[in-house]
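Only one structure is covered here, and it is reproduced in the block below.
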Amino acid sequence: MGKENIKKQAELREKKRLWKQGGSPEGVLRQHELGKLTARERLDLLFDEGTFVEYGIFAVPGSSLHGIDKQFAPGDGVVTGFGRVDGRLVWAVSQDFTVMGGSMGQHHCRKINRASEEAARNGCPCVYFWDGGGGRLQEAWFDELYKCTILASKNSGYIPTVSVVCGPCAGGSAYAPILNDFLICVDQTSKFYLCGPNVIRAATGECVSEEELAGAYTENFISGNAHQWAADDREAIWHVKKYLSYMPQNCKKRTAAVPYEDDPNRRIEALDHVIPDESGKAYDVCEVIRLLADEDSIYEYQPYWAQNLVTCFARIMGETVGFIANQPKVKAGCFDIDASDKFARFTDILDCYNIPMITLTDTPGFLPGKAQEHGGIIRHGAKALEAAYRATIPKIQVVLRKQIGGAGMPMGWNLFNLDYNLYWPTLEYGLMDPKSACRFIVKQRMKQDPEHADDILQEAIEEFVNARTPYAMAGHLWADDIIEPCETRMYLIKALEMLKDKDSDLISIPERKRKHAVSPR
């Protein structure tokens, strides 16, 4: 090889070294002082060692090519490429805040869009780290910016898509991560909003800090925009890997099974003592899930928001499943506006990626009140009903205790394509709770005989309850079986084995030809 070629190769190595440093050393130091990792440090933690392949490294801002910007902007402020995460092929995008504040220009957006398209084309998950200042004002390439949002919508449900908001993600750029399947916000560093504090103050006079407006706590506990909270970037990457471990490579693949040794006929005696004797007494349904799932296999989805409904991934005999359970210790397990949205979203995730759905029902109904009615509980509840009916995955219900009112419908009525329906002997069933129902039923009799009103009501309640025992309901074929709580895992294992090859294209009632239903969202 000639000296000139050797010189060019050395020059190339030096250029790559320089460009991989990102922004200035001062910018990198500032990033670390804020508790954030750099774009490439995040990717180094995500990918298996030595597997990441970067492309577009020599991209520069379109404005610099036209003589507007003269600053050094390696990679145009974003790192893209592919590699292996726990052995599986994954694409990734990581905005570099040390380069022009991670702002999104023409080539910046093109790099993101190419990664999204390549991930979908190859049927692989795509992970995004958002840490940028939104659209770059000196580059009017909004078609490429909005294409990021379009691709986020197109890919969601086809390939697993995960976004981590590590820093600012504001304005129009916020729509891309919210359309991904899974969104993680990092404590104290993520700022996720459409309109920032300055805009709000100018428009309404309201003063609010960035953290209060759109920090990780707000997005997880209040707005419900995020699906997980992370203390720092490292924990966020742990969540990315954990979530992907429950996902298939794409919607056409099966989730990977994890070897697990257990007696499929094992009885779990602790389940016999979970339900309190007092009908109105609370208990923690997470304990029921823990006993039913494989050991240390549970991963919650939106654990901090709408806590009256528990949604989580888990494994049973090594196979991925999704649990949806009413939580009696929060709002008595009532469905409300937020729980309805949470149910619909998680059901969609399970249905898109062919993950069996197990509902654990113990709900006294929809939460009553003016705030709920004025907030659109009917519309939000319809989201849950639509998602439940539309889902064609294996669906198994276990009614632990209460199945009262319309809230029992999305959890697992037979009308909603339920595959297997099991009752515990502690079932309480009805359109209303027994006392409220009987007040309506014997209202006239109580008026006619006020002296014995209490006795009339009590007698009616006893008759009402006796007519709605689990045996009476099973007699109407509302249940496939009534089982002892300790047998539940055993029945779930058998049901999942029976349903593992369920063909979602074979529907008992032919669908009318149409594009799609009008969503109640």
On the given criteria, is residue 343 surrounded by 24 or more Cβ atoms within 10 Å (Cβ to Cβ), assigned to a helix (DSSP H, G or I) and in contact with a helix residue (DSSP H, G or I) (Cβ under 8 Å, 6 or more places away or on another chain)?
-> yes
Among 404, 396, 324, the single one that is closer than 29 Å to residue 178 by Cα and in the same structural domain as residue 274 (by TED's automatic domain parsing) is 324
Keeping to the range 187-213, report how many residues are over 17 Å from residue 303 (Cβ atoms), surrounded by 15 or more Cβ atoms within 10 Å (Cβ to Cβ) and either assigned by TED's automatic domain parsing to the domain that holds residue 346 or among the acidic types (Asp, Glu) (or both).
-> 2
The listed residue being farther than 14 Å from residue 479 by Cα and either part of a helix (DSSP H, G or I) or basic (Lys, Arg) (or both), out of 378, 393 | 378
Return a yes/no flag: does the range 41-54 have any residue that is at pLDDT below 85 and in contact with a helix residue (DSSP H, G or I) (Cβ under 9 Å, 6 or more places away or on another chain).
-> no
Just wondering, is there one or more residues in the range 59-72 that are among the acidic types (Asp, Glu), surrounded by fewer than 21 Cβ atoms within 10 Å (Cβ to Cβ) and either modelled with pLDDT under 95 or on the phi > 0 side of the Ramachandran plot (or both)?
-> yes
Residues that are of a type in the set (Lys, Arg) and part of a loop (DSSP other than H, G, I, E, B), drawn from the range 1-46 | 36
Answer residue from the range 214-234, given it is among the aliphatic types (A, V, I, L, M), at pLDDT 95 or above and surrounded by 24 or more Cβ atoms within 10 Å (Cβ to Cβ) and is nearest to the chain's Cα centre (by Cα) among those = 226
Residues satisfying the stated conditions in the range 91-128, i.e. of a type outside the set (Ser, Thr, Tyr), buried (at least 20 other Cβ atoms within 10 Å of the Cβ) and farther than 16 Å from residue 152 by Cβ = 96, 97, 99, 100, 102, 105, 106, 107
Which one of these is out of contact with any Asp or Glu (no Cβ under 7 Å at 6 or more places or on another chain), closer than 23 Å to residue 216 by Cβ and polar (S, T, N, Q): 116, 173, 156?
-> 173
Which condition breaks for residue 196 when tested against (1) more than 18 Å from the chain's Cα centre (by Cα); (2) free of Cβ contacts under 8 Å to residues at least 24 places away in the same chain?
-> (2)
How many residues are part of a loop (DSSP other than H, G, I, E, B) and surrounded by 16 or more Cβ atoms within 10 Å (Cβ to Cβ) if we restrict to the range 269-302?
-> 9
Can you find even one residue in the range 251-259 that is surrounded by 14 or more Cβ atoms within 10 Å (Cβ to Cβ) and either basic (Lys, Arg) or in contact with a His (Cβ under 7 Å, 6 or more places away or on another chain) (or both)?
-> no
Filtering the range 131-155 down to residues that are touching a residue at least 60 places away in the same chain (Cβ under 8 Å) and surrounded by 16 or more Cβ atoms within 10 Å (Cβ to Cβ) yields 131, 136, 139, 141
What residue, of 316, 237, is within 28 Å of residue 492 (Cβ to Cβ) and either touching a residue at least 24 places away in the same chain (Cβ under 8 Å) or surrounded by 15 or more Cβ atoms within 10 Å (Cβ to Cβ) (or both)?
-> 316
Answer yes if at least one residue in the range 129-137 is within 18 Å of the chain's Cα centre (by Cα) and assigned to a loop (DSSP other than H, G, I, E, B), and no otherwise.
-> no
Scan the range 174-185 and give yes if some residue there is at pLDDT 90 or above, assigned to a helix (DSSP H, G or I), in contact with a helix residue (DSSP H, G or I) (Cβ under 7 Å, 6 or more places away or on another chain) and of a type in the set (D, E, K, R), otherwise no.
-> no
Quick one: is residue 439 more than 18 Å from the chain's Cα centre (by Cα) and within 23 Å of residue 156 (Cβ to Cβ)?
-> no
Within the range 481-505, restricting attention to residues that are part of a loop (DSSP other than H, G, I, E, B) and over 30 Å from the mean Cα position of the chain (by Cα), which residue is surrounded by the most Cβ atoms within 10 Å (Cβ to Cβ)?
-> 483
Subset of the range 21-34, residues touching a helix residue (DSSP H, G or I) at 6+ places or on another chain (Cβ under 8 Å) and either of a type in the set (S, T, N, Q) or exposed (fewer than 15 other Cβ atoms within 10 Å of the Cβ) (or both), comes to 21
Considering only the range 119-142, state which residues are closer than 20 Å to residue 40 by Cα and either acidic (Asp, Glu) or modelled with pLDDT of 95 or more (or both).
-> 119, 125, 126, 127, 128, 129, 130, 131
Looking only at the range 159-179, decide whether some residue is among the hydrophobic types (A, V, I, L, M, F, W, C), closer than 22 Å to residue 353 by Cβ and surrounded by fewer than 21 Cβ atoms within 10 Å (Cβ to Cβ).
-> yes
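The values are calculated or read from the model by the stated rules, or taken from the named source; none is laboratory data. As the structure is a computational prediction, the values presented were derived from the model and not from experiment. Positions of Cβ are generated from backbone atoms using ideal geometry, with glycine treated the same way; all protein chains shown enter the neighbour counts.
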